[in-house]
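Enquirer: Here it is, the structure, as structure tokens.
The values are calculated or read from the model by the stated rules, or taken from the named source; none is laboratory data. Quick caveat: nothing in here was measured; it's all calculated off a predicted structure. Neighbour counts are summed over all protein chains in view; Cβ atoms, including those assigned to glycine, are modelled from backbone coordinates with ideal geometry. Accessible surface is based on the protein model in full, side chains and every heavy atom, while ligands, DNA and RNA are left aside. Shrake-Rupley method; radii C 1.70, N 1.55, O 1.52, S 1.80 Å.
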Amino acid sequence: MKIFNVKKEIIENKKVSADCYKMTFESKEIACRVKPGQFLHIKCSDTYDPLLRRPISIHSIKNNVIGILYKVVGRGTGLLSKKTSGDPIDVIGPLGNGFDYQLLANCQLPILVGGGIGIAPLYFLAQRLTEQCSNITVLIGASNKCNILCIDEFKKLDCKVKVSTDDGSDGINGTVVDLLKKELVPENSKLKTQNLKLKIFTCGPVPMLRQVHQLVSKYNVSSQVSLERQMACGIGACMGCTIKTQNHPESLRDKTQNYKQVCKDGPVFDIKEIVWEDI
Ligand SMILES: Cc1cc2nc3c(=O)[nH]c(=O)nc-3n(C[C@H](O)[C@H](O)[C@H](O)COP(=O)(O)OP(=O)(O)OC[C@H]3O[C@@H](n4cnc5c(N)ncnc54)[C@H](O)[C@@H]3O)c2cc1C
Ligand code: FES
């Protein structure tokens, strides 16, 4: 796939919660090729400090306008948050593989599971899934009510949205994995009788993803995970984002290979492919 380095004007960079921002800019080149789960490598300042770009997922596409949703955690994202409408933005993309979101006609039901800012790439996925399916469930986990992201946006897409908060200030008191457990247990027997299968797409902090892995392994549910690692080049050249993967006959080109680069081979993996003890 062709990768572009585009320099555009920011349309909007809006604070959406205590530490999260949504930025939009127009790029026809990227918008017409990008797939949910792919990401951009973004230059956060006009100087060489910080030197490295920061990887941020595509959050939304509307016409040719690209949206990103990001949380301020350090210097790079802090600098991004200071940009305003009309400022230049320099991005490389689309990068990475993206989700395999083709559903088997009428017999797969998608569940999107996002923890914290991990919800960011799942909204673009939901935008695309609505073209195939009207029965999308979205599970959103956050520390508290003020940090829940994108509920209204998912509802506007007619998704069934369920929420968990660590402090019980909204939705169930618990984690998004508790929500997923509730979906899997009763659904499983009901779905079996209707010959339906669940397909899970998830993104969030590693401890959450480990628990999702344990849960879906128990119920043998097909699941794809978008993984976040610190990245330097973003294109498979520096090996900085290497992870250990299982020798999975279906998913490996070379059966002896058991290391992959998150930026090039991912960030989306079959959840079974990752060696979770090593992450
Ligand atoms: C494929 C991919 C997609 C991503 N999509 C989004 C997104 O849509 N929205 C969003 O808010 N964030 C996303 N991230 C995480 C984002 O890249 C980091 O938060 C960002 O690089 C931090 O940069 P910084 O300079 O602000 O912080 P730094 O000062 O570099 O680091 C601050 C803290 O963040 C941690 N950190 C730094 N880089 C990463 C990273 N790549 N992944 C996880 N933790 C990191 C550091 O260990 C440190 O604890 C994504 C990461 C990847 C790999
Ligand atoms: S960031 Fe360089 S190989 Fe992935």
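Enquirer: So, in the range 71-109, of the ones that are modelled with pLDDT under 95 and assigned to a strand (DSSP E or B), which residue ends up farthest from the chain's Cα centre (by Cα)?
Expert: Here the residue is Q108.
Enquirer: Could you check the range 111-131 and list, in sequence order, the residues that are touching a residue at least 40 places away in the same chain (Cβ under 8 Å) and of a type in the set (V, I, T)?
Expert: I111, V113, I117, I119
Enquirer: Oh, and also: Please find, among V212, V262, the residue that is at pLDDT 95 or above, under 30 Å from L52 (Cβ atoms) and in contact with a Phe, Trp or Tyr (Cβ under 9 Å, 6 or more places away or on another chain).
Expert: Going through V212, V262 in turn, the sole match is V262.
Enquirer: Take the residues in the range 117-176 that are within 19 Å of G67 (Cα to Cα) and among the hydroxyl-bearing types (S, T, Y); name whichever of them is surrounded by the fewest Cβ atoms within 10 Å (Cβ to Cβ).
Expert: Within the range 117-176, the match that is surrounded by the fewest Cβ atoms within 10 Å (Cβ to Cβ) is T130.
Matching residues to (1) within 16 Å of ligand 2 (Cβ to nearest atom); (2) more than 28 Å from N147 (Cβ to Cβ); (3) among the charged types (D, E, K, R):
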site: N63; (1), (2), (3): no, yes, no
site: I66; (1), (2), (3): no, no, no
site: Y70; (1), (2), (3): no, no, no
site: V73; (1), (2), (3): no, no, no
site: T77; (1), (2), (3): no, no, no
site: I89; (1), (2), (3): no, no, no
site: G93; (1), (2), (3): yes, no, no
site: Q102; (1), (2), (3): no, yes, no
site: L109; (1), (2), (3): no, no, no
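Enquirer: Kindly provide the set of residues from the range 196-237 that are open to solvent by 40 Å² or more (accessible area, probe 1.4 Å) and of a type in the set (V, I, T), ordered by number.
Expert: The answer is I235, and nothing else.
Enquirer: Test G74 against the criterion of being without any contact (Cβ under 8 Å) to a residue 24 or more places away in the chain and either away from ligand 1 (no atom under 15 Å from the Cβ) or within 25 Å of K264 (Cβ to Cβ) (or both), and give yes or no.
Expert: The answer is yes for G74.
Enquirer: If you take the residues of the range 42-70 that are over 22 Å from the mean Cα position of the chain (by Cα) and more than 8 Å from ligand 1 (Cβ to nearest atom), which of them is most open to solvent (accessible area, probe 1.4 Å)?
Expert: Looking at the filtered set, the residue picked out is Y48.
Enquirer: Can you find even one residue in the range 193-207 that is free of Cβ contacts under 8 Å to residues at least 40 places away in the same chain and within 25 Å of V268 (Cα to Cα)?
Expert: Scanning the range 193-207, I find at least one residue that is free of Cβ contacts under 8 Å to residues at least 40 places away in the same chain and within 25 Å of V268 (Cα to Cα), so the answer is yes.
Enquirer: Hey, can you tell me all the residues within the range 45-61 that are within 25 Å of N97 (Cβ to Cβ), in a loop (DSSP other than H, G, I, E, B) and away from ligand 2 (no atom under 16 Å from the Cβ)?
Expert: Those that are within 25 Å of N97 (Cβ to Cβ), in a loop (DSSP other than H, G, I, E, B) and away from ligand 2 (no atom under 16 Å from the Cβ): I58, H59.
Enquirer: Any idea which of (1) more than 21 Å from P36 (Cβ to Cβ); (2) among the hydrophobic types (A, V, I, L, M, F, W, C); (3) away from ligand 2 (no atom under 16 Å from the Cβ) is the one M208 doesn't satisfy?
Expert: All conditions are met except number (1).
Enquirer: Here are I30, I10: which of them is in contact with a Pro (Cβ under 9 Å, 6 or more places away or on another chain) and in a helix (DSSP H, G or I)?
Expert: I30
Enquirer: Being basic (K, R), at pLDDT 95 or above, within 15 Å of ligand 1 (Cβ to nearest atom) and open to solvent by 50 Å² or more (accessible area, probe 1.4 Å) is the requirement here; does K28 meet it?
Expert: No: the conditions fail for K28.
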